[in-house]
Amino acid sequence: MVESLRATVLLGAGLGLLMACGDSRIPADVATVRDSAGVRVVEAHRPLWSQEEGWELDPEPILQLGSDFGGEMEQFQEVRGLAFTASGELVVLDAGRKVLRWIDGSGALLRDVDLSGSGSEELLRPRLLGLLVGDSPALWDDTLHRLVVVNRDGSLTPVEGEGLERRPPPVPWGVFRDGALLATLPAAGIPWPPDGSVVTDTLRLWRLDPQDGHQALLTQRPGRKWLVDEGLMWPVPFSLSPVAAPHGDGVVVAAGPDAEVDFLDRTGRLRTRTHLGHARREITAQDRERYQDLLLASASSEPVREAAGRRLEAMPAESHLPAFDQVLTSREGHVLLRHTLLDPERESVWSVLDAHGHLLGEVQTPRRFQLFHVAGDRLVGIGWNALRMESIRVYRIRKDRP
């Protein structure tokens, strides 16, 4: 554990030095940086990492916790959040058992907090939004629309204020270290479109202070396409779905059809736009057939299956996949963007950017694995086997990085 923490500190120190160097460290054949009306534009030509560098995971996890591995932590019902603290402890939110756990590097349970309270501390379906200053976990209940902070002594502090009293309630995407929410605010009073319509929603991301209710619109982007049928909205297959995450006190957003990433400051001002130059992937007939097979196989009855097939025929056909379908940010400022993944049984490929928006390279995560968090030389997520038995898995990132 001490060795792992030492590696994390060294990597964090190296990143701080790297960030201080700015664009001056970037060779001309790696990226071109220019100013466009006050926006710093980075055109990536190739990754900064050479083939001998880059992130590569150990072939086997250094820690694995789950129902098929026994031990003190053998039972998880529904993990809805994983994060590393600055000291290297792993925070696990088990929403099924309504318990928050802290685990050390050997997998031993350090402490836990019971979340099955009552009154203002009651949580029905909590998820971990992130860690605040001091590594206090911030939890959001998707059923009760309630924000709770878990204190160091294990007590719960319900957050109350004007920002959480609005209706419809906010939908948090993440939390900033100061406790502000990155959230969408659903609109009310919009006329429902008629059946047969194909509509494109608009993603509006806000910085919301949950206590005083102050809200600032950070960005708005075209969102996903939907088919309206039988009074409900059904997602159009392969349509664009923007991704975003807190990044320091700002936000990183990947919302276009092309491989580009925007870095916004805390006011929503666009500071940096990075063009990664990845070729857009065309959607093949095999992609469409597999989507249709999975959709129809999930139907509960023949009438439901027939209705799903009819809706698919009425939906517009997208030509290309969105560039990315998930974004994560590390404690050290890295940005990880997952190339759109159609088959979770396959490996995932992530583009890794530094805090300045420079493309460092790519990292591949294992098949049957959902990444949650990256810190220092480790990453953590949920993996599953062929029988769909899940476990928490921690992997070490091999090789030193610039």
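Among (1) in contact (Cβ under 8 Å) with a residue 60 or more places away in the chain; (2) in a loop (DSSP other than H, G, I, E, B), which single condition is VAL251 missing?
Of (1) in contact (Cβ under 8 Å) with a residue 60 or more places away in the chain; (2) in a loop (DSSP other than H, G, I, E, B), only one is false for VAL251: (2).
Across the stretch 112-145, what is the total count of residues that are closer than 17 Å to ILE392 by Cβ and more than 20 Å from the chain's Cα centre (by Cα)?
Selection size over the stretch 112-145: 1.
Does any residue of the stretch 321-342 turn out to be acidic (Asp, Glu) and in contact with a Phe, Trp or Tyr (Cβ under 8 Å, 6 or more places away or on another chain)?
no
Count, please, the residues in the stretch 94-117 that happen to be closer than 15 Å to THR143 by Cβ and not basic (Lys, Arg).
Selection size over the stretch 94-117: 5.
Evaluate the stretch 386-399: report whether one residue or more is among the hydrophobic types (A, V, I, L, M, F, W, C), in the same structural domain as ARG40 (by TED's automatic domain parsing), within 19 Å of the chain's Cα centre (by Cα) and closer than 18 Å to ASP325 by Cβ.
No: the stretch 386-399 contains no residue that is among the hydrophobic types (A, V, I, L, M, F, W, C), in the same structural domain as ARG40 (by TED's automatic domain parsing), within 19 Å of the chain's Cα centre (by Cα) and closer than 18 Å to ASP325 by Cβ.
Out of LEU337, LEU342, LEU359, LEU312, which single residue is under 22 Å from ALA279 (Cβ atoms), of a type outside the set (D, E, K, R) and touching a helix residue (DSSP H, G or I) at 6+ places or on another chain (Cβ under 8 Å)?
Exactly one of LEU337, LEU342, LEU359, LEU312 is under 22 Å from ALA279 (Cβ atoms), of a type outside the set (D, E, K, R) and touching a helix residue (DSSP H, G or I) at 6+ places or on another chain (Cβ under 8 Å), namely LEU342.
Within the stretch 139-146, identify whether any single residue is surrounded by fewer than 16 Cβ atoms within 10 Å (Cβ to Cβ) and β-branched (Val, Ile, Thr), and answer yes or no.
yes
Answer yes if at least one residue in the stretch 232-240 is in contact with a strand residue (DSSP E or B) (Cβ under 8 Å, 6 or more places away or on another chain) and modelled with pLDDT under 90, and no otherwise.
Yes, there is a match, as at least one residue in the stretch 232-240 is in contact with a strand residue (DSSP E or B) (Cβ under 8 Å, 6 or more places away or on another chain) and modelled with pLDDT under 90.
Among the candidates VAL171, VAL175, single out the residue that is within 19 Å of VAL91 (Cα to Cα), touching a residue at least 12 places away in the same chain (Cβ under 8 Å), within 22 Å of the chain's Cα centre (by Cα) and assigned by TED's automatic domain parsing to the domain that holds VAL251.
Answer to the check: VAL175.
Picking from ASP68, ASP23, which residue would you name as being assigned by TED's automatic domain parsing to the domain that holds ARG368, out of contact with any Lys or Arg (no Cβ under 8 Å at 6 or more places or on another chain) and modelled with pLDDT under 90?
Matching residue, one of ASP68, ASP23: ASP23.
Could you look through the stretch 358-393, keep only residues that are small (Gly, Ala, Ser) and over 23 Å from LEU131 (Cα atoms), and pick out the one that is surrounded by the most Cβ atoms within 10 Å (Cβ to Cβ)?
Result: GLY361.
Say we look at the stretch 155-168 and pick out the residues that are at pLDDT below 90 and small (Gly, Ala, Ser); which of these is nearest to the chain's Cα centre (by Cα)?
Step by step, filter the stretch 155-168, then rank; the result is GLY163.
Just to be sure, is ARG338 assigned by TED's automatic domain parsing to the domain that holds LEU276 and under 30 Å from VAL39 (Cβ atoms)?
For ARG338, the condition - assigned by TED's automatic domain parsing to the domain that holds LEU276 and under 30 Å from VAL39 (Cβ atoms) - is met.
Here are some conditions: (1) crowded, with 21+ Cβ neighbours inside 10 Å; (2) without any contact (Cβ under 8 Å) to a residue 24 or more places away in the chain. GLN286 meets all but one. Which one does it not meet?
(1)
Grab the strands (runs of 3 or more DSSP E) fully contained in the stretch 294-402, keeping just those with 2 or more residues being without any contact (Cβ under 8 Å) to a residue 24 or more places away in the chain and in contact with a Lys or Arg (Cβ under 7 Å, 6 or more places away or on another chain).
348-353
Mind checking which pairs have a first residue in the stretch 119-137 that is within 17 Å of LEU181 (Cβ to Cβ) and a second that is among the polar types (S, T, N, Q) and part of a strand (DSSP E or B), Cβ under 8 Å, 6 or more apart or different chains?
Cβ pairs passing all conditions: LEU123/SER116.
The values are calculated or read from the model by the stated rules, or taken from the named source; none is laboratory data. As the structure is a prediction and not an experimental result, all values here were calculated from the model. FYI the Cβ positions are ideal-geometry reconstructions off the backbone, even for glycines, and counts take in every protein chain you see.
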